[in-house]
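Student: Dumping the structure here so I can ask a few things about it.
The values are calculated or read from the model by the stated rules, or taken from the named source; none is laboratory data. These figures come from a predicted structure and were not determined experimentally. As a convention, Cβ positions derive from the backbone with ideal geometry for all residues, glycine included, and neighbour counts pool all protein chains shown. Each accessible area value is taken on the protein alone, full model and side chains, heavy atoms only, with ligands, DNA and RNA left out. Shrake-Rupley method; radii C 1.70, N 1.55, O 1.52, S 1.80 Å.
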Amino acid sequence: MVDVRSQYLKIKNEVDKGIQEVLETTAFINGPKVQEFKAAFQTYLGVKHVIPCANGTDALQIAMMAVGLKPGDEVIVPAFTYVATAEVIALLGLIPVMVDVDMDTFNVHVDSIQAAISPRTKAIVPVHLYGQSANMEAIMKIAEAHGLWVIEDNAQAIGANYIYEDGHLAKTGTVGHIGCTSFYPSKNLGCYGDGGAIYTNDDALADMLYKIANHGQVVRYYHDVVGCNSRLDSIQAVVLSAKLPHLDRYCDARRRVADYYDKAFSRISDLVTPFRAAYSTHVFHQYTLQVLNGRRDDLKNWLEENKVPSMIYYPVPLYQQEAFKRYVTPDLRLENTEKLCASVISLPIHTEMTDEQLEYISEMVISFF
Ligand SMILES: *Cc1c(COP(=O)(O)O)cnc(C)c1O
């Protein structure tokens, strides 16, 4: 699905040299390399504060702790997402309220958010699934009307731009109150282990986020709030600093793959190629098709027989997962989420794909139909 090794070989000198430096200086945690990356990432995002942390799941958890959510508070989250988004809500004793997504963008459905708001609702977590922004202006409007926090799960859309109605751009994750991201190796900006970051333009929130990620302390051994331990390793910061200058090029390389697939599959009436919303650029963390003839699993098997990797993101709605059943009524059915779980399939997409690979994969998909 990805080729992290070929990408590494192209930045090997810089990465190896930086890691060697970390080893020599032994500044393994929160050293100068982390500060360097933090500054560069702030500039790239055009955001005032980046707080690096240990992974994307922690980023979401710390964000929810920082806005002062209390047990029993409700947080609205799409039912069609990676488990982490809802998991941290439950972990903090909050109630995940799962809502449906749009069939075209796969992102949270704005009217469903509106319908799910109760007096206990405190926050909305839009997920920019597969690399494209949710409808942020509409979401911010609802949030403002009801005094809700908006925490963006930007783990899959690093590098994407939200396009405002008036035409100006902002990086995804910087439109809401807090953005959260993951540097898991296969993410669009991935390190060589676990890593994550939280970002915000709000000074007071930034102080709180930093504090919570560092055991609730600013001055060592003086703990103002209950926090956690979530840090980015210096070695991971080296990798991220080496990759960040290439991120826009990486996004272009992914878009080239998506354009190729779009064209190759345009005549297959049983496939829906990814929709591109007017309010977002798309960085194609995943290239995800909908199979309309009910034979998604047969297609997956066919591809496997022909040595083409494919993945189902995600096969089961969150509310049908054993872990989340207690948070929902047994009769909850979200039509679009269920349709998508049964019909989506993601094809290999990464920065190092060759024309031969694209041709072979496309041919295999087409020959199935
Ligand atoms: C990867 C991912 C996360 C979690 O990131 P980790 O670094 O693996 O903890 C959260 N949300 C979404 C949508 C993701 O894709």
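Student: Taking just the alpha carbons, could you work out the radius of gyration and Dmax for segment 1-78, both in angstroms?
Tutor: So, for segment 1-78, Rg and Dmax equal 17.3, 50 Å respectively.
Student: Any chance you could get the radius of gyration and Dmax over the Cα atoms of segment 114-200, in Å?
Tutor: Radius of gyration, then largest Cα-Cα span, for segment 114-200: 13.6, 43 Å.
Student: Quick one: with all protein chains in place, what share of the accessible area of segment 246-368 is carbon or sulfur, to the nearest percent (1.4 Å probe)?
Tutor: 50 percent
Student: If you don't mind, there's one more thing I want to ask. Per the Cauchy relation, a quarter of the hull surface: what is the mean projected area of the convex hull of the alpha carbons in segment 1-153, in nm²?
Tutor: Details: hull surface 45.4 nm².
It is 11.4 nm².
Student: Turning to a different aspect of this structure: Which semi-axis lengths, in whole Å and largest first, follow from the square roots of five times the eigenvalues of the Cα gyration tensor of segment 85-146?
Tutor: 19, 15, 10
Student: Considering the alpha-carbon set of segment 38-97 alone, what are its Rg and its Dmax in angstrom?
Tutor: Cα radius of gyration and Dmax of segment 38-97 are 13.3, 38 Å respectively.
Student: Less than 10 Å Cβ to Cβ from residue 89, Lys/Arg counted +1 and Asp/Glu -1: what total charge do the surrounding residues give?
Tutor: Working: positive: none; negative: 73, 74, 87.
With Lys, Arg at +1 and Asp, Glu at -1, the net is -3.
Student: Mind checking which of 230, 182, 269 has the largest fluctuation in a GNM of the chain, springs on alpha carbons under 10 Å?
Tutor: For the chain, modelled as a Gaussian network with Cα springs under 10 Å, the answer is 269.
Student: How much of the accessible area of segment 19-140, in percent, comes from carbon and sulfur atoms when a 1.4 Å probe is used? Intermediate results must be reported in sequence, preceding the final value.
Tutor: Working: 2430 of 4300 Å².
Carbon and sulfur atoms account for 57 percent of the accessible area of segment 19-140.
Student: Find out how many positive minus negative residues lie around residue 110, taking Lys and Arg as positive, Asp and Glu as negative, among other residues whose Cβ is under 11 Å from that of residue 110.
Tutor: Around residue 110, the surrounding residues sum to -3.
Student: What distance in nm separates the two pseudo spin-label positions at residue 256 and residue 138, each 7 Å out from Cα along the beta-carbon direction?
Tutor: 3.4 nm
Student: Shifting gears a bit: Taking the Cβ of residue 290 as the center, what net charge do the other residues with Cβ under 15 Å away carry, scoring Lys and Arg +1 and Asp and Glu -1?
Tutor: The answer is -3.
Student: Using a 1.4 angstrom probe, figure out how much accessible area segment 246-368 has per residue, in square angstrom, rounded to the nearest whole. Provide the component values of the computation, followed by the final result.
Tutor: Details: 6260 Å² over 123 residues.
Accessible surface, normalised per residue, equals 51 Å².
Student: Another question, if that's okay. Using unit Cβ charges (K, R positive; D, E negative) and no other charged atoms, how large, in debye to the nearest 20, is the dipole of segment 246-368 about its Cα centre?
Tutor: Rounded to the nearest 20 debye, it is 400 debye.
Student: Out of all DSSP beta bridges in segment 45-146, what portion is antiparallel? Express it as a percent rounded to 5.
Tutor: In segment 45-146, approximately 10 percent of DSSP beta bridges are antiparallel ones.
Student: OK, next. Out of the DSSP beta bridges found with both residues in the chain, what percent are antiparallel (nearest 5)?
Tutor: 65 percent
Student: Might you tell me the accessible area per residue for segment 31-177, computed with a 1.4 Å probe and given in Å²?
Tutor: For segment 31-177, the per-residue accessible area is 34 Å².
Student: Across the chain, how large is the tail of the calculated P(r) beyond 26 Å, expressed as a percent of all Cα pairs?
Tutor: Pairs farther apart than 26 Å: 51 percent.
Student: Once R0 is set to 22 Å, what does the formula 1/(1 + (r/R0)^6) return for the Cβ-Cβ distance between residue 36 and residue 228, expressed as a FRET efficiency to the nearest 0.05?
Tutor: Computed FRET efficiency for residue 36 and residue 228 comes out at 0.35.
Student: Here's something else I'd like to know. What is the magnitude of the charge dipole of the chain about its Cα centre, with +1 placed on the Cβ of each Lys and Arg, -1 on the Cβ of each Asp and Glu, and no other charges, expressed in debye to the nearest 20?
Tutor: My answer is approximately 480 debye.
Student: Only residues of segment 336-364 count here: report those whose backbone N is under 17 Å from the spot 7 Å along Cα→Cβ of residue 270, or say none.
Tutor: 342-346, 362-364
Student: Using packing as a proxy for protection, rank 346-352, 65-71, 193-199 so that the peptide with the highest average count of other Cβ atoms within 10 Å comes first.
Tutor: Output ranking for 346-352, 65-71, 193-199: 193-199, 346-352, 65-71.
Student: Can I ask one more? Viscosity 0.890 mPa s, temperature 25 °C: what is the translational diffusion coefficient of segment 246-368 from Stokes-Einstein with a Kirkwood Rh over Cα pairs, rounded to a whole number of µm²/s?
Tutor: My calculation gives 155 µm²/s for D.
Student: Between residue 25 and residue 220, what is the label-point separation in nm under the 7 Å Cα-to-beta-carbon projection?
Tutor: 1.7 nm
Student: May I ask you to work out the translational diffusion coefficient for segment 310-369 at 25 °C, viscosity 0.890 mPa s, via Stokes-Einstein with Rh from the Kirkwood sum over Cα pairs, reported in whole µm²/s?
Tutor: Roughly 173 µm²/s, to the nearest whole number.
Student: Using only C-alpha positions, report the orientation-averaged shadow area of the convex hull of segment 250-300, nm², one decimal.
Tutor: Answer in nm², one decimal: 4.1.
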